[in-house]
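A single structure is presented below for examination.
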Amino acid sequence: MKIVECPRCFSHRAAIVDTKPLSARCADCDCNYPIKTFAPNQAGERLASKAQPRPGGYKKAKPDAIPVPSFGPLAEYIEATIQRL
């Protein structure tokens, strides 16, 4: 869904005008401009199609398959020094 934006002043404050086809009126500069509309059942179909995973998409990694990061020799030196104390 996109927010209605005035083409003249780029304001996002608009009122929907009940005309055929529907249009919007900018609250800042009083510009009338057409807006895109669709039937309510199409909106449900759009949302349902976006919710479906795409074929060949990313696969979730198993928690055991994630490698443990190595912090390097300085971290190992500090760790060994702390254990000696």
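Can you list residues from other chains, or at least 5 along the same chain, whose modelled amide H is less than 5 Å from the amide H of A14?
A27
Could you tally the net charge around H12, taking each other residue with its Cβ under 10 Å from the Cβ of H12, Lys/Arg +1 and Asp/Glu -1?
Numbers: positive: R13; negative: E5, D28.
With Lys, Arg at +1 and Asp, Glu at -1, the net is -1.
The numbers here are math on the coordinates, done by the rules we state, and not lab data. Nothing here was measured: the structure is a model prediction, and the numbers come from that model. Please note: Cβ atoms are built from the backbone with ideal geometry, for glycine as well, and neighbour counts cover all protein chains shown.
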